[in-house]
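None of the figures in this text is laboratory data; all of them are computed from the coordinates on show. Being a predicted model, the structure only gives us computed values, none of them experimental. When we count neighbours, we look across all protein chains shown, and the Cβ atoms used for this are built from the backbone with ideal geometry, even at glycine.
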Amino acid sequence: MPRTRLYRNGVLEAEGFPIADVSDYIEDSAVTVWFDLCRPTAEDLASISEELGLHPLAVEDAIHEHQRPKLDRYDSHLFVTAYAVRLNADTGALGTSEVAAFVTRNALVTVRKDEDFDIDQVIDRWDNSADLAKHGVSFLLYGLLDYVVDGHFDAVQLLDEQIEALEDELFSASAKDSDMERRTFELRKSLVMFRRTVLPMREVVNSLLRRDLHIVDDAMSPYFQDVYDHVLRATEWTESLRDLVSTIRETHLTMQGNRLNVIMKQVTSWAAIIAVPTAVTGFYGQNVPYPGFSKPIGFWESTIIMIVLSIGLFAWFRKRDWI
């Protein structure tokens, strides 16, 4: 079954009808049509591009993946590209799902690049705000962007929790350096990818609020403004988390350097203590007579000297916290 919907005067009148029937409805100014395409081919879009007046460049962008989040304006329609995101709580890896949308006077066409984009969640938002359906395409576009941006906000909140856990692990005595390095790298990589996704959305939503586009009417403007506020908060949050991950990385390296310095001090201190008996026995090992030569007292003198100097050095190093 194709994912299609038809609203007439703000009331859901039909859904699940063939996409070929769209051409029978779009001429009616009281009708708003939505239909969804998943992984369409050029031929699939070519069949509807002429009826809806879609620009060839927009059609090309809808087919090709890895587009930048953007809003393009054409004579007969708008073209919007956005990304839904999902964060793996176990690995910290970020996944994205690209969606494109053609926005005409009374039709919204969503083009999903993969099946991971949960279009059912968007439909649920439309159904939960059915009283806004009378606003036509702006209502449908709001539900789509609201789902995408709320996903951004949820992801950045989860990233914040992951980074807080990383901070706690940073000062844990049982933390392994290799695990810290891997986790920090994954979170930093996810933040870079997430920033590329969420940052351009400010321009997208802000441009939609422009009155000269005639997409968002006065009644829907507060709703789009709320979406824009969420975009700003997610963007600012992302920037602060990016700085925080860099700080954690630098702190971890500093702590590693400090631990290495402590180890070097301890090794050096023990080497100095061990050098004392070596020096004493080396001195008494000279092939010349010395005090106590060939007498038992010579052995005891050298032993007492080694013990006293070693204990003295140990106490001095201990006092200076070198051991």
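Here are some notes:
- Globularity index of the stretch 3-255 is 1.14 (Cα radius of gyration / 2.2 N^0.38 Å, N = number of residues).
- Cα gyration tensor, the stretch 186-323 - rounded (a/c under 1.5), prolate or oblate: prolate
- In a simple Cβ point-charge model (Lys, Arg +1; Asp, Glu -1; nothing else charged), the chain has a dipole of about 2760 debye relative to its Cα centre.
- Between Ser240 and Asp150, full extension at 0.36 nm per residue minus the direct alpha carbon distance yields a gain of 30.5 nm.
- Computed from label points 7 Å out along Cα-Cβ, the spacing between Ala46 and Asn88 is 3.9 nm.
- Charge dipole (the chain, unit charges on Cβ, about Cα centre) - positive-most of Ile274, Leu208, His230: Ile274
- For the stretch 246-260, 3J(HN,Hα) per residue [Karplus equation, 6.51 cos²θ - 1.76 cosθ + 1.60, θ = phi - 60°, Hz, x = Gly/Pro]: 5, 5, 4, 4, 5, 5, 4, 5, 5, 5, 4, x, 5, 5, 5
- From phi via Karplus (6.51, -1.76, 1.60), per-residue ³J(HN,Hα) for the stretch 97-114 in Hz, x at Gly/Pro: 10, 8, 9, 10, 9, 9, 10, 10, 4, 9, 8, 10, 10, 9, 10, 8, 7, 7
- Estimated from the Cβ-Cβ distance and a Förster radius of 41 angstrom, the FRET efficiency linking Asn9 and Asp72 is about 0.85.
- When both bridge partners sit in the chain, DSSP labels roughly 85% of those beta bridges antiparallel.
- Cα-based helix-to-principal-axis angle, 42-52 vs the chain, degrees rounded to 10: 50
- Positive-end residue of Asn9, Val308, Val109, charge dipole of the chain with Cβ unit charges: Val308
- Computed [θ] at 222 nm, helices only, for the chain once each DSSP H run of length n ≥ 4 contributes -39500 (n - 2.57): -19500 deg cm²/dmol
- Cross-link reach list, lysines versus Lys189, counting only Cα pairs under 29 Å and skipping chain neighbours closer than eight places: Lys70, Lys113, Lys176
- When both the stretch 104-157 and the stretch 238-264 are represented by their alpha-carbon centers, they are found 41 Å apart.
- Student exercise, the stretch 98-226 dipole from Lys, Arg, Asp, Glu Cβ charges, in Debye to nearest 20: 740
- Extension gain, Gln266 back to Asp120 (0.36 nm per residue minus Cα-Cα distance, nm): 46.3 nm
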